[in-house]
Structures are given as C-alpha cells and as structure tokens.
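Read the figures in this text as sums done on the coordinates, not as results from a lab. This one's a predicted model, so the numbers in the text were calculated from it and none came from an experiment. Here the Cβ positions follow ideal geometry from the backbone for every residue, glycine too, while neighbour counts run over all protein chains shown.
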Amino acid sequence: MNITLPDGSVHQYDEGISALDIAQSISPRLKKATLAAELDGERIDAFAPIHGDHQLKLLTFADENGRWAYRHTASHLLAQAVKHLYPAAKLAIGPAIENGFYYDFDTTVPFTQDDLSAIEKEIEKISAADLPLERFELPRIEAIEYMRKLDEPYKVELINDLPEDAVISFYRQGDFVDLCAGPHVPSTGKIKNVKLMSIAGAYWRGSEKNKMLQRIYGTAFEKRAELDEYIARIEEAKKRDHNKLGRELELFTTVDVIGQGLPILLPKGARVIQLLQRFVEDEEQRRGYMLTKTPFMAKRELYKISGHWDHYRDGMFIMGDPDDEQAEVFALRPMTCPFQFMAYLNRSRSYRDLPLRYNETSTLFRNESSGEMHGLIRVRQFTISEGHLACRPDQVENEFKGCLDLAKFMITTLGFENDVTYQFSKWDENNTDKYIGSKENWESTQNTMRNILNDIGVDFVEVDGEAAFYGPKLDIQIKNVHGKEDTLITIQIDFQLAERFGMVYTDSDGEKKYPVVIHRTSIGCYERTLALLIEKYAGALPTWLAPVQVKVLPLTDRTADASDKIRLELEKYGVRAECDPRNEKIGFKIREAQMQKIPYMLVIGDKEIENGVVAVRSRKDGDLGTMPLDAFIKDLVAEIAAKSHD
RNA sequence: GCCAAUGUAGCUCAGUUGGUAGAGCAGCGCAUUCGUAAUGCGCAGGUCUGGGGUUCGAGUCCCCACAUUGGCUCCA
C-alpha cells in the first residue's frame, strides 16, 4: 500500500501495518512521540491497522488533535482510577476540552479535595502499569447488553441515542472498558503528568431537569515542565482577577445587606466608568447618535407589547403581583428597547428621518439566578452603552457596518483587539418556543446578517440557540482570567419588534413601512468592561483611565507647599493629581503609589525646587530623572489625549 | 436555581480534642525631616456574617438564612 505523508512524500508499506509501525520506520523517536493519527483527515488510533492507499498524518503532542487524544485517554485513566477506588460510581461522559479534560460520574457521595489526591495516585499506578488500549466494536443490542451487565445506565442511554447507522466502539485498558469513539493513545504508560484541577457539579446531558453528576476537571501534559508552566500560568492569571484587584485597589466593593450582584462602585471605580461613559457618549454623538434618557421602570403593559412579559418575565424585577390582572404592576427595565421605541413613536417618521440612531447610557436590572453572579462581570444592576437604530431595509447593511466599526474602535482603544472573538448567534430551530416570529423570517434575517459579516470579512463562528428572542446577534466575546467567556459587545438585527410596537415610517412612495431595528452596544456594559480592563492591565489601567494619574510626593515638609502647588498646576490641565504630604520616607510613599498603580510619581525635594524641575518616576519604568514641570505636563497631556495603552 | 468550598479587626491570615480571641499590614498618637517599593515606639480596633439549636460553657459541633468563590444550567 502507498502512504502519502504531509510533506508529500509517498512510501510503500505492507498491508495492515499501523501508524505506529510507520512512525517506527521513520525513527524510533517519532514512534515514541506518536499519540494518534489522521488517515485522510479522519482521526484514528495510531495502533489501528491500515489497509490501502491513504494520506497519513502522525499526531504528536505538538498537534491540537494529538493533545486531544492524549487528554481524552487521560480522562479514561481518571475513570478507571475512580472505578478502582469507588466501584459503585457510574460513568457518564469524559471528553477532552480546551487545556484539559473532564469526566462526569454519578456517585452517592460527592468527591472531596482529598479524594482527588488519592485518585491522582491511582492514575499514576495505572500509567505505570502501561496497559495497552484496545478498540472493539459491538452491534447495538450486544453493546447495550454489555453496558447493562457492567451496570452503566448512562452508557446504555448514550448507546440508545446513537444514530441507527453509528459504529458502536469501545476501548479497553486492563480491567476498564468505556464506550468511546476514540482515538486513544496506544497505552496508558504514555499518559504522564496528570493533574486533577477541580470538582464541580454538572447536569447529566447539560439539562437542569436531569440529575446532577460529579465532574472532575483535570489536565495532562507530555512533559512535567509543561504542566508546571501551565499551573504557574493559571496562578499568575488569578493574580489579575478583577474581583481581587478591584477590591484591593478600592474600585468596588460588595455589602451583604445590599444583596448579590449589586456592587458599590467606590470613587475610583466610579471615576473610571465616568471616563468611559463620557468617551462613549462623545464618540457616539460624533457618529450621529442622539442621546435619550428614559425611565428605569414601566408598567407591565409595555413589556407585554415587546414580548418580554412572555419571554423574559423570570429575569425581571417585578413590583406588585404579576398574577393580579386588575392591579397596576411595574417592572424594572431589563433592557432599553421599548423605551427608545417610544421615543421613535413620539411623532410620525419619514423615510428621510432614517436612519435614526438613539443612544443611552442605560441602567438595567436583571434578576439573574443566584449562582450566576460574578464580581463586576455578571451583576443584577448594570449600566450599558445602549443604542437602537431604526433604518430602511436598504440602510441595514451600512448601519450594521457602522455599528461594527464603532465597536471595533472601542475595542482597539481599550486594547482588547487581540482578546475578542466574534460569534454569530442564531436561533435554535428545534426550540422555537423561545423565540418570536416565523421560520422564514428568521432564516432570511440570519442570511442577511451572515452576508453582511462575510462581506465585511469578520472571522466569526456560528452558534445555534444563542440568539435574542427577537433576532440574531453578532456577539463580540471575551474571556476572563478563569477562561470563562462573556459577551462584551452585541449587535443585533431585529425585523420583528417594530411591527409589535407599530413603529412605521412613510416611504417615498407614500406607503407606511416598518423600519428594521438594530440593537447594539458600543462598549457593552460598563461594569463588565471595567472588570476586563482590570484583568487585562492587572490593575494598572492606561493613563487616560487611571483614577489618579499623578501622585506628587514631597520629600520633606519643606517642599510640601511647593508640591501642592504642582498638584494644582497639574489639575489646571485636567490631570487627576494628588499630593501625599505625609511625614513618611520617600521610599514608603513610592511603594504606596506603586501599589495603587498610579502611572506617574513626582518626587519633589529641595534640589528640584532649587532647579525648577520635577523628578519623574513611572510605575512601569521607574526613575526617569528630572525635567521641567511644563515639559512633563506636555508629554502627559499628549499621552492622555492619545488614549495610549501598552 | 443546582453541586461544592469559604466567611475571625479595614486588609491578609492564626486560633490545638468545645473553656470566653491573636499576629502582620492599614488607622490613630509621639518621635524622626529622610532621595526612588516598608523609620521606630506606643495606642486603639472584633456581637468571630446573621439567626436558631446542642452544651455548665460554642469562633470551634448541628440546622437555617445571607454573602463570596469555582463549576453546571441560564444569560434579551
């Protein structure tokens, strides 16, 4: 048989030999490194016999799919170890994931941290035993019978749900067998440096209606050093956690009697958000937006029109008895759309009025589930750079592009351009109850959006079931220090709510028509944006956003008055400056300013006064030497105006 | 909402098998007037998250609530 390798070279081999044998023929070292293989692009076991002519790629730990096989096998070692230590545990599923793997178990008693150490030891034993993995297939009936005998009800359910024509394969390693599509590495001895990271509850098949299982997360690396580095990186990332830094830097706090998801923005945090809001509102004004200020609450009738009463009631804070049809029931707003629609409805609109762009720095209230709250990233009251555009169908494309351009401008200004991903969030056609409107309507709107995205050349992924109830979204996603992804910015196309609200415009032909509505944010939610800025810059916010930009540090009491004058001079130029006149050593004052991540410190001693200069220290580069105050101010003002970040 | 962990001074933490709370930093006072990441001494500071219970006695044990954290589900 002829095997073509990725470099294009063709080699002849005997029928039925495996990818491992082929690797061996190239070098013993390659055989050792080979974890799995791709045969004509299909992932296979490296130990599987090959017949006929094919393209072959050997997968090592350097390949994403190689790592996948490695960690998937590690999850089988985990399952085997758990079965050894807790024979009554039932197996659910155990896939490889980004940076690791997990396995779900049904156990009578939850795992503890101590259990994890014991399981890790057992995994090491299984690795040391170097058990070969073998694959075998069974017909459906026998496969079910086999798993019944092993008393694995979750596996039986999985097999039952496999498609008619599915190949049902199993992998055996020693005394352990698991239902699995593979591929796997040749033997358990390959799997080293396994670290069990955490225990979590997880619903069977991801549905809260099902039983909650015990999930063990782990990771595995080929080399010890890689594992150590990965763990060190996680520890390093945790130090950037906004929830820790944001509290230490006195940007925000929480109070238990106020309640979950209701953070207090302290003066420094409020200052940063104020700066962001001014920046956003000014930029939006420049781009033709008109600012509205609409109420924080409305009667339920408004939400009945919008559909929120039917589709989002659980997420709203409602004042009054929602079941009493006679009563006047109010609800805090969970979004701004219907309010800005009322602004549109203020008078009749002509096609000449469109596009109409409304923006609002809008505070919203959402009754998120109690387990969802997370620092400033997921809260129950937040303020968002909201906006709604009403446009004619022929304007949708341009307006959408304008929204994306604004979003990208914000992302770039904040320095997030390499941290975001674009997600095209579509409806779930198998669960239409969650949405309003017809299938045709959804299909055509989604096609419109997809065409625009393709036309712009955005690199996006499509995800089903993530749309708003009224239309598809472009979500700009970002990950926090724990790797959890959230939406930073969203742009949505809505062909439905205008009709519900009776929003029309008179077209050039005299006909009344419904405008297309674009729902969008430009910088997203301010609290969340602040959180991500803290994490991105480890608390050292870019100078233009720093709550305090310059700390003036008199060396002795003799220079305290002069230092305060310098502070006043800085403030004349709009610089946020503070003076630290305390009778402390200069090293101590510097240490404090440094820990507060203040961009610049000016050390003022007798020498500086005498020479008419300031001694500049930057939080990043340390002592910068002396310069005239006006020169420092000039550079600083330029840096702030440029909104530079590094 | 579900599975778990955690909750002691403003912050970071210690507190043995239940016997009535301790350190460092921060704060305040005094001394020191100092040259680029912590000057010294002293003082003050706690209903041990809240509420029940067990006990002669609870920060320690049990129950409930609240909050914080990691996941799951959810996320207009």
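So, R0 is 45 Å and r is the distance between the beta-carbons of A:Lys484 and A:Tyr13; what FRET efficiency does that work out to, to 0.05? The partial results should precede the final answer.
Details: r = 46 Å, r/R0 = 1.03.
Computed FRET efficiency for A:Lys484 and A:Tyr13: 0.45.
Express in nm, to one decimal, how much length is gained between A:Ala641 and A:Asn210 on full extension, taking 0.36 nm for each residue of separation and deducting their alpha carbon distance.
Working: separation 431, 0.36 × 431 = 155.16 nm, distance 5.46 nm.
Gain in length upon complete extension: 149.7 nm.
Where the only charges are on Cβ atoms (+1 Lys, Arg; -1 Asp, Glu), what is the dipole of chain A about its Cα centre, to the nearest 20 debye? Walk me through the numbers before you get to the answer.
Details: 83 positive and 104 negative charges, 382 e Å.
With Lys and Arg at +1 and Asp and Glu at -1, about 1840 debye.
Step through the table entries A:Lys90/A:Lys192; A:Lys121/A:Lys536; A:Lys209/A:Lys299; A:Lys90/A:Lys473, compare each Cα-Cα distance with 28 Å, and write down the pairs that go over it.
Working: A:Lys90/A:Lys192 25 Å; A:Lys121/A:Lys536 37 Å; A:Lys209/A:Lys299 33 Å; A:Lys90/A:Lys473 40 Å.
A:Lys121/A:Lys536; A:Lys209/A:Lys299; A:Lys90/A:Lys473, as the Cα separations exceed 28 Å there.
State whether segment A:1-54 is rounded, prolate or oblate according to the following rule on the C-alpha gyration tensor (a ≥ b ≥ c being the square roots of its eigenvalues): a/c under 1.5 gives rounded; otherwise a/b larger than b/c gives prolate, and the remaining case gives oblate. Intermediate values should be presented prior to the final figure.
Details: a/c = 1.32, a/b = 1.18, b/c = 1.11.
Rounded, because the longest to shortest axis ratio a/c is under 1.5.
What FRET efficiency would be calculated for the residue pair A:Gln285, A:Asp321, taking the C-beta separation as r and a Förster radius of 41 Å, to the nearest 0.05?
On the way: r = 42 Å, r/R0 = 1.03.
For A:Gln285 and A:Asp321, the calculated efficiency is 0.45.
Tell me the angle of helix A:140-149 to the major Cα principal axis of chain A, expressed in degrees between 0 and 90 and rounded to the nearest ten.
Taking Cα atoms only, the helix is inclined about 80 degrees.
Find, among the GluC sites (Glu not before Pro) in segment A:448-542, those assigned to loop by DSSP (not H, G, I, E, B) with at most 11 other beta-carbon atoms within 10 angstrom. Mind dumping the intermediate values first?
On the way: sites: A:Glu462, A:Glu466, A:Glu485, A:Glu499, A:Glu511, A:Glu527, A:Glu535; in loops: A:Glu466, A:Glu511.
Filter output for segment A:448-542: A:Glu511.
If you look at just the Cα atoms of segment A:215-358, how large are its Rg and its Dmax in Å?
23.1, 70
List, in order, the whole-Hz ³J(HN,Hα) value for each residue of segment A:65-72 obtained from phi through the Karplus relation with A = 6.51, B = -1.76, C = 1.60 and θ = phi - 60°; use x for Gly and Pro.
Running phi through 6.51 cos²θ - 1.76 cosθ + 1.60 with θ = phi - 60° gives 6, x, 4, 4, 5, 4, 6, 5 Hz.
Would you list which lysines come within 18 Å of A:Lys634, measuring only between C-alpha atoms, while excluding same-chain residues fewer than 8 positions from it?
Excluding near neighbours in sequence, the set is A:Lys551, A:Lys565, A:Lys572, A:Lys643.
Output wanted: per-residue J couplings in Hz (rounded whole) for segment A:382-395, from phi through Karplus 6.51 cos²θ - 1.76 cosθ + 1.60, θ = phi - 60°, x for Gly and Pro.
8, 10, 10, 7, 7, x, 9, 10, 9, 9, 6, x, 6, 9
When the convex hull of the Cα atoms of segment A:313-400 is projected onto a plane and the area is averaged over all directions, what value comes out in nm²? If you can, show how the numbers build up before the last one.
On the way: hull surface 33.5 nm².
For segment A:313-400, the mean projected area of the Cα convex hull comes to 8.4 nm².
List every residue whose amide H lies under 5 Å from the amide H of A:Leu555, counting only residues 5 or more places away in sequence or on a different chain, with H placed 1.01 Å from N in the peptide plane.
Result for A:Leu555 returns A:Ile604, A:Gly605.
Which value, to two decimals, describes the C-alpha radius of gyration of segment A:63-103 once divided by 2.2 N^0.38 Å? Let's see the in-between values first.
Working: Rg = 10.9 Å, N = 41, 2.2 N^0.38 = 9.0 Å.
Compactness ratio reported: 1.21.
Can you give the extra length, in nm with one decimal, that the chain gains between A:Met297 and A:Asn451 once fully stretched, where that is 0.36 nm per residue apart less the Cα-Cα distance?
On the way: separation 154, 0.36 × 154 = 55.44 nm, distance 3.68 nm.
Contour length minus the Cα-Cα distance gives 51.8 nm.
Which value in Å does the Kirkwood hydrodynamic radius of segment A:75-234 take, with 1/r averaged over all unlike C-alpha pairs and then inverted?
On the way: mean 1/r = 0.0612 Å⁻¹.
That comes to 16.3 Å for segment A:75-234.
Which value in Å is the Kirkwood Rh of chain A over different Cα pairs? Intermediate results must be reported in sequence, preceding the final value.
On the way: mean 1/r = 0.0341 Å⁻¹.
It works out to 29.3 Å.
Any chance you could run the full-extension gain for A:His84 through A:Asn611? It's 0.36 nm times the residue separation minus the Cα-Cα distance, nm to one decimal. Don't jump to the answer; show the numbers that get you there.
Values: separation 527, 0.36 × 527 = 189.72 nm, distance 7.76 nm.
Length gained between A:His84 and A:Asn611: 182.0 nm.
Over segment A:573-646, what per residue volume does the convex hull of the Cα atoms give, in whole Å³? Walk me through the numbers before you get to the answer.
Details: hull volume 7.5 nm³, N = 74.
Measuring per residue, one finds 101 Å³ for the Cα hull of segment A:573-646.
Which of the GluC sites (Glu not before Pro) found in segment A:566-613 are loop residues per DSSP with 15 or fewer other Cβ atoms within 10 Å of their Cβ? Write out the running numbers ahead of the final one.
Numbers: sites: A:Glu569, A:Glu571, A:Glu578, A:Glu584, A:Glu592, A:Glu608, A:Glu610; in loops: A:Glu584.
Here the GluC sites (Glu not before Pro) that fit, given the DSSP loop and packing criteria, are A:Glu584.
Given a Förster distance of 56 angstrom, what is the FRET efficiency for A:Lys238 paired with A:Glu511, based on the Cβ-Cβ distance and rounded to 0.05?
Details: r = 59 Å, r/R0 = 1.06.
Given R0 = 56 Å and the Cβ-Cβ separation, E is 0.40.
Rounded to the nearest angstrom and ordered from largest down, what semi-axes does the equivalent ellipsoid of segment A:519-598 get from its C-alpha gyration tensor (root of 5λ)? Working shown, then result.
Numbers: eigenvalues 202, 49, 8 Å².
The equivalent ellipsoid of segment A:519-598 has semi-axes of 32, 16, 7 Å.
What pairs from A:Lys190/A:Lys238; A:Lys408/A:Lys479; A:Lys239/A:Lys484; A:Lys223/A:Lys244 go past 21 Å between their alpha carbons? Intermediate values should be presented prior to the final figure.
Details: A:Lys190/A:Lys238 31 Å; A:Lys408/A:Lys479 17 Å; A:Lys239/A:Lys484 16 Å; A:Lys223/A:Lys244 32 Å.
Check vs 21 Å cut-off fails for A:Lys190/A:Lys238; A:Lys223/A:Lys244.
Based solely on its DSSP helices, what 222 nm [θ] is calculated for chain A when runs of n ≥ 4 H residues each add -39,500 (n - 2.57) and the sum is averaged over all residues, nearest 500 deg cm²/dmol? If you can, show how the numbers build up before the last one.
Numbers: 20 runs with 229 residues, N = 646.
Computed mean residue ellipticity for chain A: -11000 deg cm²/dmol.
Return the sequence-ordered ³J(HN,Hα) values of segment A:336-348 in whole Hz as given by the Karplus equation 6.51 cos²θ - 1.76 cosθ + 1.60 applied to θ = phi - 60°, using x for Gly and Pro.
9, 3, x, 5, 6, 5, 5, 5, 4, 6, 4, 8, 6
Give me the one-decimal nm value for the distance between modelled label points at A:Glu42 and A:Arg313, 7 Å along each residue's Cα-to-Cβ direction.
5.2 nm
Answer rounded, prolate or oblate for segment A:322-455, using the Cα gyration tensor with square roots of eigenvalues a ≥ b ≥ c: rounded when a/c is under 1.5, else prolate when a/b is larger than b/c, else oblate. Spell out each step's value before the answer.
Values: a/c = 1.34, a/b = 1.14, b/c = 1.18.
Judged from the Cα gyration tensor, segment A:322-455 comes out rounded (a/c under 1.5).
Using only C-alpha atoms and all pairs of different ones, pull out the Kirkwood radius for segment A:351-428 in Å with one decimal. Each step should come with its number before you reach the end.
Numbers: mean 1/r = 0.0648 Å⁻¹.
Hydrodynamic radius (Kirkwood, Cα only) of segment A:351-428 equals 15.4 Å.
I need the GluC sites (Glu not before Pro) found in segment A:56-154, filtered to DSSP loop residues with at most 11 other beta carbons within 10 Å of theirs. Mind showing how you got there, number by number?
Working: sites: A:Glu64, A:Glu98, A:Glu120, A:Glu122, A:Glu124, A:Glu134, A:Glu137, A:Glu142, A:Glu145; in loops: A:Glu98.
Sparse-neighbourhood loop GluC sites (Glu not before Pro): A:Glu98.
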